[in-house]
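In what follows, a structure is listed as structure tokens, so that the remarks can point back to it.
FYI, it's all coordinate maths here, none of it is from the lab. Bear in mind that the values here come from a model prediction, so they are computed numbers and not experimental data. Cβ atoms come from the backbone with ideal geometry, glycine included; neighbour counts cover every protein chain shown.
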Amino acid sequence: MDTIESRITIKRLHPLFVAEVTGIDLTQPVPHEDFRVIWEAFNEHQILVFRDQHFDDETQIAFSRHFGELETMIAHPGNDWNPGHISIMTNLGKDGNFLPLDHPAMLHRERNEEWHSDSSFKPVAALASLLASRIVPPVGGNTDFASARAAYEDLPAERKAALEGLTVLHRMTHRDMDADKGYNEEDKKRHVVTHPLIRVNPVNGRKALYVGSHAQEIVGMPPEAGAALLDELTAFCTQPKYFYSHHWRDGDAVMWDNRCTLHRATTFDKTKYKRKLHRTTIAGKAPDIAFGAMPER
Ligand SMILES: [Fe+2]
């Protein structure tokens, strides 16, 4: 266990990534020196689990803004058609009752059960996401994470060299768009972008594989061959040794680095247990935050 500079305590939860942060109330204004500790931990550990935080939307947005500009969501089934900075992950309707399993919002959220990196289909992909509990189920409904940085670092040198410089096409929708439920025709045409396969954290120079379900083709390769390579790399990143499953407790808030981790929701009994988590998403920059710099506040 390391105690860095202050009352903030940072404890590793997995040998390769993920740290638990306690000793700070993030619903209150966060002093610059405390934010520096969190920012350094975020870049090092990739995923931070904050305990005993009781955010409302206003305080969650205020804390998230320390990391940079927030993404603004359009009205969408994934956020109950509420445009703004909050995405809602829930099986409940606005009235607090269970949504039918075939409801468009439920179909859309099934997509979260595939390994992905948030907003990788956007020209400026997300830097980080902060998912904070409102209602947690007693069983299931975990969020699984995988370190695509640890996986990359374990690749043989010749494999790293072969992958360096490849460019990947990302889409918001599934590869098989006809099978894609929860998206309309306009969604299917929108958000087709390219990103490098190897993503570099400019703060520490660490590299990661930038893959997941939105990564669908390799530029310059036949689509099937590119898809097979991306599937292989996603499977490589999500092996048990690079894997952490977060079981939600009341008061948990988890922040992850979308540049170097993959995540997915796990299922639960959606007709029996209530689950409601609110997400803020910090937009990246193009290019990323300057080497060694703190984000602008
Ligand atoms: Fe996600």
Taking the mean number of other Cβ atoms within 10 Å as a proxy for protection, how do you rank 146-153, 261-268 from highest to lowest? 146-153, 261-268
What ratio of Cα Rg to 2.2 N^0.38 Å holds for the chain? 0.97
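Note down the net charge around G251, summing +1 for each Lys or Arg and -1 for each Asp or Glu among other residues with Cβ under 12 Å from its Cβ. Write down the numbers at each step before the final one.
Working: positive: R51, R134, R249; negative: D25, D52, D250, D252.
Counting the neighbours of G251, the net charge comes to -1.
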Using a Förster radius of 41 Å, what is the FRET efficiency between E33 and T271 based on their Cβ-Cβ separation? Nearest 0.05, please. 0.30
Would you be so kind as to identify which of H191, L92, A75 lies farthest towards the positive end of the dipole of the chain, taking Lys and Arg as +1 and Asp and Glu as -1 on Cβ and the Cα centre as origin? L92
What dipole magnitude, in Debye to the nearest 20, does the chain give about its Cα centre under +1 on Lys/Arg Cβ and -1 on Asp/Glu Cβ? 140 debye
Compute the distance in nm between two label points, each set 7 Å from the Cα along the Cα-to-Cβ direction, one at K241 and one at E58. 4.9 nm
Which value in deg cm²/dmol, rounded to the nearest 500, describes the helix-derived mean residue ellipticity at 222 nm for the chain, given -39,500 (n - 2.57) per DSSP H run of n ≥ 4 and division by the residue count? -6000 deg cm²/dmol
Gained length - V219 relative to K285, 0.36 nm times residue gap less alpha-carbon distance: 21.5 nm
